[in-house]
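Here is the structure we will look at, set down as structure tokens.
The values are calculated or read from the model by the stated rules, or taken from the named source; none is laboratory data. All values reported here derive from a predicted model rather than from experimental measurement. All Cβ positions, glycine included, derive from the backbone under ideal geometry; neighbour counts span all protein chains shown. Side chains are part of the model used for accessible areas, which takes the heavy atoms of the whole protein and leaves out ligands, DNA and RNA. Shrake-Rupley method; radii C 1.70, N 1.55, O 1.52, S 1.80 Å.
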Amino acid sequence: MTGKELRIVGRRVRKVDGIELVTGQAKFTADMKLPGMLYGFARRAGQPAGKLEGVKKDEALKIPGVVDVLTAEDLPGPNLIGVLPPFDQPVLATGDIRYAGESVAFVVAETREAAKRGAAALDVRITEVPPILTVDEALGDGARKIHENGNITFSRKLIKGDADKALAEAPVVVENTYETSFQDHAYLEPETDLAVPGGDGRITVYASCQSPFHLRGLIAANLSVPAGRVKVVQSNTGGSFGGKDDVAVEIGILAAAAALRTGRPVLVAHERGESMVGSNLRHASRITITTGATKEGKIVARKIKIILDGGAYASESPFVVMKALIHAAGPYLIPHVFVESTAVYTNKTYAGAFRGFGVPQVTFASESQMDELAAKLGMNPLTLRKINALRPGDATATGQVFKQSVGLLQAIEILEKERLPEKPEDPSDRYLYGTGHSCMLQGISNGAEGVDVVGATVQVSQDGSALVGLGLTELGQGSRTVYAQIAAEELGIPLETVTVRQVDTDSVHDSGPTVASRSTTVGGMAVLKAAREVKESLLDMAALMLQTDKKEIYFQDGFAILSKNPDARIPLREVATAAYWTGHPLMHLAFSKAPEAKYDHDTHQGSIYIAYNFGAHRMSIRIDRWTGEVRVLEHLAAHDVGKVINPVGLEGQVEGGSLIGYGYAHMEKIEESRGIIRNANFADYAVPSIKDRIPTRTLVVEEANPTGPYGAKGVGEPPVAATAACFANAVSDALGVRFTRLPVTRQDILRALQSGAATHGGDKNG
Amino acid sequence: MVTAYRPATLQEALSMLKETDGIPLSGGTDLMVRLRAAPGTPARFSRPLVYVGSLPELLAVEHSEGGSWSIGAGVPLSDLLKLKGLPEALGAAIREIGSPAIRNTATLGGNICNASPAADSLPALLCLNASARIAGPGGERLQSLEDFITGPGKTALKSGELLVSILIPPAPPMKLFYRKIGTRRANALSKLSVLGMVKIENDTVKDLRLAVGAAAPKVVRIPEAEKSCIGRSVSQVAADHHTLLSMYREKVRPITDQRSTAGYRERTALRLIEEFLTKELSP
Ligand SMILES: Cc1cc2nc3c(=O)[nH]c(=O)nc-3n(C[C@H](O)[C@H](O)[C@H](O)COP(=O)(O)OP(=O)(O)OC[C@H]3O[C@@H](n4cnc5c(N)ncnc54)[C@H](O)[C@@H]3O)c2cc1C
């Protein structure tokens, strides 16, 4: 490491791009107005299953302002997108209609209104087919095949030891089935892409997106041009959470294809309804778990079956299947584990990546069952977790052993030290109080899910300032600030003099997708390496200037300083200028490559991830027996993050992730009937508002991770799962009844009280 | 194409409404949403729009010394919140309508004329015994708000008529009880709401008003029930709340929709009424 105290890493710093965002100066894709710009709007199938017989364009083309209409035949390329080959999703429908939000034609016009009118005027003929709307129907004997190769999208097994045998012999066994529903990302800015044809045969796509290189590859393929012809620029992105990948590709291709045909810029800006109906959701799930334990509370085996409703297309389903598979047994030392994880096609909006990526579903199920086991054993739920918690040197469910950076026990102990909030006197007996716990783990970075390399550049200018570039995107999570801190720390320059550039595919190295809590860990490491390489070059220069060995020099506050005599110092700007004149390199491209995952594909035994984030949460709530209203009195979120780079950013991530988890567990529910989403708006789909914020307190464990910069590991996703799980446990504790379905809404709570299911506080007078 | 008119005077507006069979447009926060069909499709306006938000008569606010109010139908809700001395019940209700951005454009007239069972200003205005000043081709008329709202989405407005202002008679200072239940704590339409006002002197109920929103086709207010409380002691009312509750149970007839179930609405409404009658009355 630096051999010195850290000066910028670990300090509370404001987001480097925060001021522009909160003052409204930051421009988003839809803020761009270009001369001659057209507006694109897709006509959607409007029914969940069918055969597209044909689209007649004539009436649409007669609408004033309509310039062009594209159907599948008009796309120059294969008309296929997806995350993992073989791709299964058309950009515009060809034969089969597989969900109601499927785009069948794309209208471009002088105004958005005209485009919409054109879309409405199209003559679209679809022969209805009975839709398959549940996983049971999809898996039933003789079910119609939604895709050629059947209705199973992807299925994998994890086998460690002999779970059946161990369960048969276990003195205490609990079993239950849990369900979760779909969730929408609900970012402030709906998906937006703008394609601009260049005079040079190239095309530029400005996109609100998560993974620009993914866009570039698929746009180029579907335009049938080499990837280098396409430049994708990530605009300021108003949230993504996993949601601006597939759909950003879809609308990017449509906009680009139309831009090439018309020779004019084409903007596609989704409205909220389109965003909810026509882009991926979090998978709904059904999870059955059987846990066996000794009378003392040592878990001996878990057997788990996960079924994920993946909707119409594969999207990220294969990876979500794996993530759920690997995490389902929880952060515990369990000798015998069997998990089967399967994603299924249905005629609904497709499911894909969403902050947590399968882990919220399984954590809710697994942690609910931990409480059930504790109740059966008559044991304190936190003690049960502590007994079984993974410790350094223990084997995870996949048999991977981490010798360090396993801080679960410390996280639990922090919670134990915190006193429970006091219950106020309540003579009216109106309120019920409950506390829930959850423990979890979340694999950091792609691991077994794919390549895990980031390329980053650091460039120092003659004025001593630095420019950082890498292919990972800022989505609100604060990664730019983290990269700036790392570069400033390494180069010994003030934070304000570091700029982290916007991602465009012409100028940065493909760094893989911005997913899986990997930005700080893998991206940060690449920035650190690149900064160190530039620093070496500057040190060589400074050594010449100070006429000493470079070991005698350190950089701080923008100066090259002689260790022996700190008064002997040269401004780095002079060093950089001299380096420029003498040809000492001022820019480096460095790679951080995570150690490769090695595992058996049939059993998923082996090393999967470079690190895990471990978390332990506690939530105390008060329930109003009269209205079912839940008030969160306290929420403690302890996570082992290895090393905090920016405490403010960390708190932001934990609080934001927790609120998504809370919405997931309590408020948000996609209401669908006959394959149509009925609440595709924020009036009826209850995403939490600012007033619904819960009092989350971030507690930190720092067990250094050798694969991350300064020991850091990511924290973007983990709070979602932990919060949802401890909320459900808190409600179950308050009411004395187990809720096995998320969300647990206030209606559900009132119903439980009324029906007498609740053993606490049940309604006496009906 | 949508045809929209922007009359400068009330007279002009009334004649335009008559000639074009137009739809009055105020803040548009209900109208634009209602006329939009499926996600992303253009709004369907079968008739022209007549923008009434800039008519001086609809923007006027008067507050008499005696304590009565006349509030223009076209005043944005956020402007109403800035008025000193606005009846507390109305302020409380408006403060929980939508979000700041919605309140900056939404109007009281729109909330009333939209006549949604979940319109949040209605329980307050009914408890305040407000009435509607209406202008039409045949001149002006006054109607109590109670009679003005005739059903879900229905008002007593005749074709070509406009709501000009809302008149609120002076009311004695009263203790306010307001509970709005939405799917979240801000920017949520009501699943249901209960608004109560009470005046107590020497432990005796002098005045009591109670309205339940989103729990029936119209806001529920039961004059007999209210009257039966007046003149009785606080503890008598509390002790006898079951009788009162059964009166409300008769009238609370909620529906199940995408925001809530009928069962939840009914049960919770009655509980909140109970809370008002038993707990909130005691000082
Ligand atoms: C995001 C969101 C949140 C909301 N939250 C709430 C909430 O919490 N509580 C709540 O009660 N409502 C809520 N609403 C609904 C709406 O904002 C209110 O009802 C608002 O007061 C309507 O006023 P407006 O001026 O926008 O009406 P408009 O939409 O302009 O008009 C509504 C109706 O009234 C008619 N009209 C308007 N003015 C007159 C007039 N002077 N004479 C005759 N007819 C007239 C119109 O023709 C139309 O039929 C919400 C709406 C949105 C979009």
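Of note:
- If you go through the range B:261-275 and keep only what is surrounded by fewer than 22 Cβ atoms within 10 Å (Cβ to Cβ) and more than 7 Å from chain A (Cβ to nearest Cβ), you end up with B:A262, B:G263, B:E266, B:L270, B:E274.
- Among strands (runs of 3 or more DSSP E) entirely within the range A:509-618, having at least 2 residues that are open to solvent by 50 Å² or more (accessible area, probe 1.4 Å), touching a helix residue (DSSP H, G or I) at 6+ places or on another chain (Cβ under 8 Å) and touching a residue at least 60 places away in the same chain (Cβ under 8 Å) singles out A:587-593.
- Residues located in the range B:238-254, provided they are surrounded by fewer than 21 Cβ atoms within 10 Å (Cβ to Cβ) and within 14 Å of chain A (Cβ to nearest Cβ): B:A238, B:H241, B:H242, B:L245, B:S246, B:R249
- In the set B:A124, B:A119, B:A115, B:A135, only one residue is in contact with an Asp or Glu (Cβ under 8 Å, 6 or more places away or on another chain), among the small types (G, A, S) and either closer than 22 Å to B:R209 by Cβ or open to solvent by less than 20 Å² (accessible area, probe 1.4 Å) (or both); that residue is B:A135.
- For the range B:184-198, the candidate set comprises residues that are over 16 Å from B:A238 (Cβ atoms) and over 14 Å from the mean Cα position of the chain (by Cα); within that set, the residue that is farthest from the ligand (Cβ to nearest atom) is B:M197.
- Residue under evaluation A:V22, criteria (1) of a type in the set (V, I, T); (2) surrounded by fewer than 19 Cβ atoms within 10 Å (Cβ to Cβ); (3) over 30 Å from A:M525 (Cα atoms), criterion not met: (3)
- Restricting attention to the range A:406-422, the residues that are touching a residue at least 24 places away in the same chain (Cβ under 8 Å) and open to solvent by 70 Å² or more (accessible area, probe 1.4 Å) add up to 2.
- Among all positions in the range A:485-493, there is at least one residue which is open to solvent by 10 Å² or more (accessible area, probe 1.4 Å), among the acidic types (D, E) and closer than 28 Å to A:F559 by Cα.
- Hits in the range B:145-166 - residues which are in contact with a helix residue (DSSP H, G or I) (Cβ under 9 Å, 6 or more places away or on another chain) and part of a strand (DSSP E or B): B:I149, B:T155, B:L162, B:L163, B:V164, B:S165, B:I166
- As a summary of the residue check, B:V50 satisfies the conditions (1) within 14 Å of the ligand (Cβ to nearest atom); (2) closer than 16 Å to B:R133 by Cβ; (3) part of a strand (DSSP E or B) except for the one numbered (2).
- Residue in the range A:648-655 that is open to solvent by less than 10 Å² (accessible area, probe 1.4 Å) and more than 30 Å from B:R36 (Cα to Cα) present: yes
- Annotation note: Cβ proximity below 6 Å between a residue of the range A:30-51 that is within 21 Å of A:I146 (Cα to Cα) and a residue that is open to solvent by 50 Å² or more (accessible area, probe 1.4 Å) (sequence gap 6+ or interchain) occurs for A:G50/A:T127; A:G50/A:E128; A:K51/A:T127.
- The residue that is least open to solvent (accessible area, probe 1.4 Å), counting only those in the range B:84-96 that are more than 16 Å from B:V194 (Cβ to Cβ) and either touching a residue at least 60 places away in the same chain (Cβ under 8 Å) or of a type in the set (V, I, T) (or both), is B:I94.
- Any hit, the range A:704-719, residues being within 14 Å of chain B (Cβ to nearest Cβ), outside any loop (DSSP other than H, G, I, E, B) and modelled with pLDDT of 95 or more: no
- Considering only residues in the range A:114-173 that are touching a strand residue (DSSP E or B) at 6+ places or on another chain (Cβ under 6 Å) and within 14 Å of another protein chain (Cβ to nearest Cβ), the one that is surrounded by the most Cβ atoms within 10 Å (Cβ to Cβ) turns out to be A:A115.
- When B:S54 is tested against (1) among the polar types (S, T, N, Q); (2) touching a strand residue (DSSP E or B) at 6+ places or on another chain (Cβ under 9 Å); (3) open to solvent by less than 60 Å² (accessible area, probe 1.4 Å), just one condition goes unmet, and that condition is (2).
- Count of the range A:686-703 residues which are of a type in the set (D, E, K, R), within 11 Å of another protein chain (Cβ to nearest Cβ) and open to solvent by 50 Å² or more (accessible area, probe 1.4 Å): 2
- Residue that is nearest to A:G716 (Cα to Cα), among those in the range A:208-243 that are in contact (Cβ under 8 Å) with a residue 60 or more places away in the chain and among the basic types (K, R): A:R216
- Looking across A:V482, A:V451, A:V468, one residue alone is β-branched (V, I, T) and open to solvent by less than 10 Å² (accessible area, probe 1.4 Å). It is A:V468.
- 2 or more residues away from the ligand (no atom under 13 Å from the Cβ), at pLDDT 95 or above and under 15 Å from B:L58 (Cα atoms): qualifying helices (runs of 4 or more DSSP H) within the range B:79-144: none
- Taken as a whole, the condition of being surrounded by fewer than 21 Cβ atoms within 10 Å (Cβ to Cβ), away from every other protein chain (no Cβ under 14 Å) and more than 22 Å from the chain's Cα centre (by Cα) does not apply to A:A683.
- Restricting the range A:225-246 to residues that are in contact with a Cys (Cβ under 9 Å, 6 or more places away or on another chain) and not hydroxyl-bearing (S, T, Y) leaves a set whose member that is farthest from A:F357 (Cα to Cα) is A:V232.
- Looking across the range A:20-47 at every residue that is basic (K, R) and in contact with a strand residue (DSSP E or B) (Cβ under 8 Å, 6 or more places away or on another chain), the one that is farthest from the other protein chains (Cβ to nearest Cβ) is identified as A:K27.
- Among the residues of the range A:691-703, those identified as assigned to a strand (DSSP E or B) and of a type in the set (V, I, T) are A:T696, A:T698, A:V700, A:V701.
- For the range B:129-165, a tally of residues being touching a residue at least 24 places away in the same chain (Cβ under 8 Å) and of a type in the set (K, R) returns 2.
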